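Structure record follows, encoded as structure tokens.
Please treat every number below as a calculation from the coordinates, not as lab data. Owing to the predicted nature of the structure, the values given are computational and were not obtained by experimental measurement. Here Cβ is always computed from backbone atoms with ideal geometry, including for glycine, and neighbour counts include all displayed protein chains.
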Amino acid sequence: MTQIFDNPADFADEALDGFVAANRGYVARVDGGVVRSTEIPAGQVALVVGGGSGHYPAFAGLVGPGLAAGSACGNMFASPAAGQVYRVAKAANAGGGVLLSYGNYAGDVLHFGQAQLRLNAEGIETRTVLVTDDIASAPLDQIEKRRGIAGDLTVFKIAGAAAEAGLSLDEVERLAIKTNHRTRSLGVAFDGCTLPGASEPLFHVPAGQMSLGLGIHGEPGISEHPMPTASELAELLVSRLLEDKPDDAGDRVVAIVNGLGTVKYDELFLLFGKIEKLLIAANLTVVEPECGELVTSLDMSGLSLTLLWLDDELEQFWAAPADTPAFRKGNTAPRARRELSSAEDTAAEETEKATAASADLGRLAAAVLAQVRDVVVEHEAELGDLDAIAGDGDHGIGMRRGVDAAAAAGEQNAAAGTSVERVLTAAGEAWSERAGGTSGALWGTAVMAAGLALGNRDSYAAGDASAAVSAFSNAITELGKAEPGDKTMVDALLPFRDAFKDAFDGGASLTGALTTAAAAANEAARRTADLRPLKGRARPLAEKSLGHPDPGAVSFGLIAERVATYLASDAADSTPAASHMASTAGNGATE
């Protein structure tokens, strides 16, 4: 159990601050993560890695010469926000372009992808290589859907060494892709991990059993098996990986036995000895192996085996020197300290004065965000428990972090008299930054889209609210790429949108249409219990998820219901714009 903390919500940030204090010779703190504190040669490619906190040595512990130039660090088991990735990459950039590399998880793909678009738009050439080494998460013919687990290390190490050697961005990217193609991993768990402040692990493995195919975010395995002996476990891991080897595999492999958090080094060494014998018996030569904690999951009781099939080119870069807080190989020359300028505040100032109607609607938007915060707080534990069935259990706390920040930003901007566009833009940015993960990216982007749809106008009518609903919905479907039946928030969102449109176009008032739509969303959320997840971290655990509704759909339904109830109440009628919008009938009425 994670026991040392003051406020669990601050755990990740405070741990990162302490890590930097203990490793100033390697890393410097920037807004969103860490970068090297020593000089990077001008024109060198900057490898920027990252993901959620709770995996040390990944990801911040792998920043240093011969490996990463920077690491974006999200909250516990949650993707860093797009803004965090962007700022870390900007600070790490040395003029040779940026390669982003991280495990293939939906939230990371969304946030890193947004950051890549922004960096490229500013003229910083940026590429991405996803790590997809986990053989348990998808079959070989769907390798692009696999998760990234301890194979992160092989991809990061070879890409970092290639960058250190002065290779171009094209070459560094090519070698990272090649390494990922030749890397396979499989993990097992003996018990789950406990998030800071939680009283119970995210899952338990029954006594005398072992869970096969775990993830590194507290996800349980895909199947349970009787607890094996060390020899049986070695045979299981080696045989499964050899069955999945790449077509162009040679006879030289890197073997990595990785502890997930509480399996002791003596046990890992014992297992490694048995694994090596099996690899030799399979006519493989083990080259510069690793055995220890490399990609962890807080205090999870478990381990994984990774195999990287080498060729002469990859072996050269695997063996190259590296010097980071948590991973050292060979000897690197001393580096001068790097002078980092303080991060510039790039927050956009509102240049257009808010109209009276827009400022009025901005105050209503802030009040609605406060209601969203209240309903999320009320159901935080329930949403976390639901997410833990087939995910990592962080949906409740992630939504809480995001909406707390969004409500605070909304309140601050509304008090300053800014437009509804600025209120919702600031709230969406804060949601994305603080929550991270898939929900942070989707909710943050959708709230911002609704703000842009409402703009800064002289007057508003119910038709403008309808446009905001459409913008909110479109932002989520376009960014997340989920479809009906995938068992995501979209399965509640689209019924909400369609029911709202039908009622509103049929002549219902705004509040009437919202009430009808909220009921449709909640009913659709309940029906997701009958679906198997086709996206996100729950996908590899489809059978565990069956019979339980999707937490993202459930939280959306709860929020939709609370917003509809509030807007229909007397409290929401205290502002002129709100009163007019709520009482205006449908059929696209505008003023």
Between A121 and A207, what is the spin-label point distance in nm, taking each point 7 Å from the Cα along the Cα→C-beta axis? 5.8
Any idea what the relative contact order of the range 8-329 is, in percent, if you count C-alpha pairs under 8 Å spaced at least 6 apart? 18
The ³J(HN,Hα) series, computed from each phi in the range 328-333 with the Karplus coefficients 6.51, -1.76 and 1.60 at θ = phi - 60°, rounded to the nearest Hz and given as x for glycine or proline, is 10, 8, x, 10, 10, 5
Expected 222 nm ellipticity per residue - DSSP helices of 4 or more, -39500 (n - 2.57), all of the chain, to 500: -15000 deg cm²/dmol
In nanometres, the difference between 0.36 nm per residue of separation and the alpha-carbon distance of D10 and R532 is 184.5 nm
Considering only the range 1-143, what is the antiparallel percent among its DSSP beta bridges, to the nearest 5? 30
What nm value, rounded to one decimal, do you get for the distance between E339 and D374 when each label is placed 7 Å out toward the C-beta? 5.3
Of the listed peptides 374-385, 248-259, what is their order by residue-averaged count of other C-beta atoms within 10 Å, with the highest listed first? 248-259, 374-385
Quick one: compute the contact order of the chain, relative version, from alpha carbon pairs under 8 angstrom and 6+ residues apart, as a percent. 13
Along the charge dipole of the chain, which of I280, G33, G292 sits closest to the positive end, that is, farthest toward it, with unit charges on the beta carbon of Lys, Arg, Asp and Glu (+1, +1, -1, -1)? I280
Using Cβ counts within 10 Å as a stand-in for footprinting exposure, how do L236, L454, L442 rank, fewest first? L236, L454, L442
Counting other beta carbons within 10 Å of each Cβ, put R337, R363 in order, fewest first. R337, R363
Determine the relative contact order of the range 128-221: mean sequence separation of Cα pairs under 8 Å and six or more apart, normalised by residue count, in whole percent. 25
Taking placed amide H atoms and a strict 5 Å upper bound, the residues 5 or more places from V27 or on another chain that come that close are S37
Hey, if you put +1 on the Cβ of every Lys and Arg and -1 on every Asp and Glu Cβ in the chain, which of L303, G506, A462 ends up farthest toward the positive end of that dipole? L303
Please give, to one decimal in nm, the separation of the simple spin-label points placed at A22 and M227, each 7 Å out from Cα toward the Cβ. 3.0
Amide H contacts under 5 Å for G74, placed H, 5+ residues apart: G51, G52, S53
Could you give the size of the charge dipole of the range 8-329 about its Cα centre, using +1 on the Cβ of each K and R and -1 on the Cβ of each D and E, expressed in debye and rounded to the nearest 20? 420
Could you put F556, F269 in order, starting from the residue whose Cβ has the fewest other Cβ atoms within 10 Å? F269, F556
For the table K245/K329; K145/K329; K157/K178; K178/K481, the rows whose alpha-carbon distance is greater than 20 Å are K245/K329; K145/K329; K178/K481
Among DSSP bridges having both ends in the chain, what percentage is antiparallel? Round to the nearest 5. 55
For V131, distant residues with modelled amide H under 5 Å away: Y102, G103, N104
For the range 35-44, what does the Karplus curve 6.51 cos²θ - 1.76 cosθ + 1.60, with θ = phi - 60°, yield as ³J(HN,Hα) per residue in whole Hz, taken in order and with x for Gly and Pro? 9, 4, 8, 10, 4, 10, x, 4, x, 7
Give a residue-ordered list of calculated ³J(HN,Hα) values for the range 25-32 (Karplus: 6.51 cos²θ - 1.76 cosθ + 1.60, θ = phi - 60°; whole Hz; x for Gly, Pro). x, 10, 10, 10, 7, 10, 5, x
